[in-house]
Amino acid sequence: MADISKEKLRNLPKVDQVLSRPELSVALEDHPRETVVEAVRGAVADMRKAILEGRDINVSEETAANIALYRLEKSEVRSLRRVINGTGIVLHTNLGRARLPRSVAEAVSSIAQGYSTLEYDVEKGVRGSRHDHINKLICRITGAEDAIAINNNAAATLMVLMALAHRKEVVVSRGELVEIGGAFRVPDIMKVGGTILKEVGTTNKTHLYDYERAIGENTGAVMKVHTSNYRILGFTEDVPAEQLAKLAHDNGLPMIYDLGSGLILDLQSYGLDEPTVASAFKAGADVVLFSGDKLLGGPQAGIIAGKKQYIDILKKHPLARAMRLDKMTLCALEETFRIYEDPENAKKEIPVLNMITRPADEVRTKAARFAGRLRNVGISADISIMHGIGRVGGGSAPMLNLDTWAVAIVPQKMSVDKLAESLRGWVVPIISHVQDGCLLLDMRTIADDELDVTARALIDILV
Ligand SMILES: *Cc1c(COP(=O)(O)O)cnc(C)c1O
């Protein structure tokens, strides 16, 4: 080892001396002493490692104090953090799917900080039921007779199968044996739920007579699964929900409809070709399942709505207790459903619907303004706006291309990938996408009140 390195190792600062540096005085007020000592020890260890690797570092106490401060700052960073979604994918599962409306988030905050009527009837002064907060509201909005909400739609599917068709056969079309992602596949859920999957038809075509022939002594239910994250096109045929419901009823069976996305308002005029919850009931479905955080635009939850006779069985099932919602989610669900009482307002107030229904022109104007703002501050990058295709995401409406606009950035002094990495490393991480050598920030999924932070990050990284 070079003499100079040996010398530096000998001169590494002592922990006590570093602790008395003025740089650390505020930190010592803000943190327990032991935490700061740990950070300083870590800093000295970092310096030793750097010397052994032959790097040229300054071994002063001041350097150690600054490294310690950096370590303290990093240890403060939360694992689950807010990010800015510049991908143009509205329901980005990895980024937490639906953004909650502001009024919903505020209500949750209030419920979280206090005691609540979670299972308490204030009129009678006796124990109440947590299911009663939302079932009437859900019925009013969807046309169901009763409803229950649990942890998510995967749990809802499992619970419905276990409670309504245990040890029985459930008839499903081969064209609807969906994999949602992760370990959620309809055939596997059937197995776990202790039901026997009775597949009928083929991948592309299933006829009513396929179902008719499959129904027998041991059939417990007929199930339709909305192919929410894929479409089968071309020479295809499936049985409409109406006919399936009628067949089920003629045989004294329930028709279970896993809708997945949970669309409440008809958004056909925006190109969203998804069945609404109300349309599933109109078709005659007995039990309808859908997610809380897909097109409903609320918190993660699985909503099971339908005929009272079936929902009653579900409410008494042990899984209802095992998969029950907490007060924050219940509050968020109630608030979200309430917004739907005024459908036009829902399109504005619920971010998921707002982002999907916002006209492309508006997104273009927003992109042009933001691009102009960046050009005005003179950052070292070429800025333009680019037309693109956004997605609903979250396994919903796979065929819908959202006509969208992004601000396209090509930095002059760093690579595009480096810029993307720096944006991800920003105080509020900003998630972009890179395409054809451009960094794109889609203006459909970045909220107006996130533009300032986004601009500041770009200016800081690119000046
Ligand atoms: C998304 C989806 C599920 C799973 O819902 P989660 O709320 O994500 O658990 C189940 N079935 C269908 C058809 C879906 O689209």
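The values are calculated or read from the model by the stated rules, or taken from the named source; none is laboratory data. Since this is a predicted model, take the numbers as computed values, not measurements. Cβ atoms come from the backbone with ideal geometry, glycine included; neighbour counts cover every protein chain shown. The area values use the complete protein model at the heavy-atom level, side chains included, leaving out ligands, DNA and RNA. Shrake-Rupley method; radii C 1.70, N 1.55, O 1.52, S 1.80 Å.
Please indicate, with yes or no, whether at least one residue in the range 186-207 is closer than 21 Å to GLU242 by Cβ, within 12 Å of the ligand (Cβ to nearest atom) and in contact with a strand residue (DSSP E or B) (Cβ under 8 Å, 6 or more places away or on another chain). No, the range 186-207 contains no residue that is closer than 21 Å to GLU242 by Cβ, within 12 Å of the ligand (Cβ to nearest atom) and in contact with a strand residue (DSSP E or B) (Cβ under 8 Å, 6 or more places away or on another chain).
Looking at this structure, is TYR257 crowded, with 16+ Cβ neighbours inside 10 Å, more than 31 Å from the chain's Cα centre (by Cα) and among the aromatic types (Phe, Trp, Tyr)? Answer is no for this residue.
Rundown of residues vs (1) on the phi < 0 side of the Ramachandran plot; (2) surrounded by fewer than 17 Cβ atoms within 10 Å (Cβ to Cβ), yes/no style:
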{"site": "VAL178", "(1), (2)": "yes, no"}
{"site": "GLY182", "(1), (2)": "no, yes"}
{"site": "LYS191", "(1), (2)": "yes, yes"}
{"site": "ILE264", "(1), (2)": "yes, no"}
{"site": "GLU274", "(1), (2)": "yes, no"}
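Only a single criterion out of (1) surrounded by 15 or more Cβ atoms within 10 Å (Cβ to Cβ); (2) out of contact with any strand residue (DSSP E or B) (no Cβ under 6 Å at 6 or more places or on another chain); (3) closer than 22 Å to LYS307 by Cα is not satisfied by GLU242, namely (1).
The condition of being within 17 Å of LEU319 (Cβ to Cβ), touching a residue at least 24 places away in the same chain (Cβ under 8 Å) and out of contact with any Pro (no Cβ under 9 Å at 6 or more places or on another chain) holds for only one of THR206, THR202, THR195, THR219, that being THR195.
Can you report the number of residues in the range 349-385 which are touching a Phe, Trp or Tyr at 6+ places or on another chain (Cβ under 6 Å), more than 25 Å from ASN94 (Cβ to Cβ) and outside any strand (DSSP E or B)? Can you show your working first?
Step one: of the range 349-385, the residues touching a Phe, Trp or Tyr at 6+ places or on another chain (Cβ under 6 Å) are 357, 363-364, 367, 385.
Next, from what is left, pick out any that are more than 25 Å from ASN94 (Cβ to Cβ): 364, 385.
Adding the requirement that they be outside any strand (DSSP E or B) leaves 364.
Matching residues across the range 349-385 total 1.
Can you tell me which residue within the range 69-98, out of those that are part of a loop (DSSP other than H, G, I, E, B) and among the aliphatic types (A, V, I, L, M), is surrounded by the most Cβ atoms within 10 Å (Cβ to Cβ)? My answer is ALA98.
The set of residues in the range 386-403 being touching a Lys or Arg at 6+ places or on another chain (Cβ under 6 Å), within 16 Å of the ligand (Cβ to nearest atom) and part of a strand (DSSP E or B) consists of SER396 alone.
Results for (1) of a type in the set (A, V, I, L, M, F, W, C); (2) more than 15 Å from ALA147 (Cβ to Cβ); (3) within 13 Å of the ligand (Cβ to nearest atom); (4) in contact with an Asp or Glu (Cβ under 6 Å, 6 or more places away or on another chain), shown as yes or no for each residue.
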| site | (1), (2), (3), (4) |
| --- | --- |
| LEU263 | yes, yes, yes, yes |
| ASP293 | no, yes, yes, no |
| ALA301 | yes, no, yes, no |
| ALA320 | yes, no, no, no |
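For the range 211-224, a residue qualifies if it is closer than 22 Å to ILE189 by Cα and either of a type in the set (Ser, Thr, Tyr) or assigned to a helix (DSSP H, G or I) (or both), and the qualifying residues are TYR211, ALA214, THR219. Restricting attention to the range 136-178, the residues that are without any contact (Cβ under 8 Å) to a residue 60 or more places away in the chain and farther than 19 Å from VAL222 by Cα add up to 1. As a summary of the residue check, ASP448 satisfies the conditions (1) more than 23 Å from GLU349 (Cα to Cα); (2) in contact (Cβ under 8 Å) with a residue 60 or more places away in the chain; (3) open to solvent by 50 Å² or more (accessible area, probe 1.4 Å) except for the one numbered (1). Here LEU118, LEU158, LEU164 are screened, and the one residue that is away from the ligand (no atom under 11 Å from the Cβ) and part of a helix (DSSP H, G or I) is LEU164.
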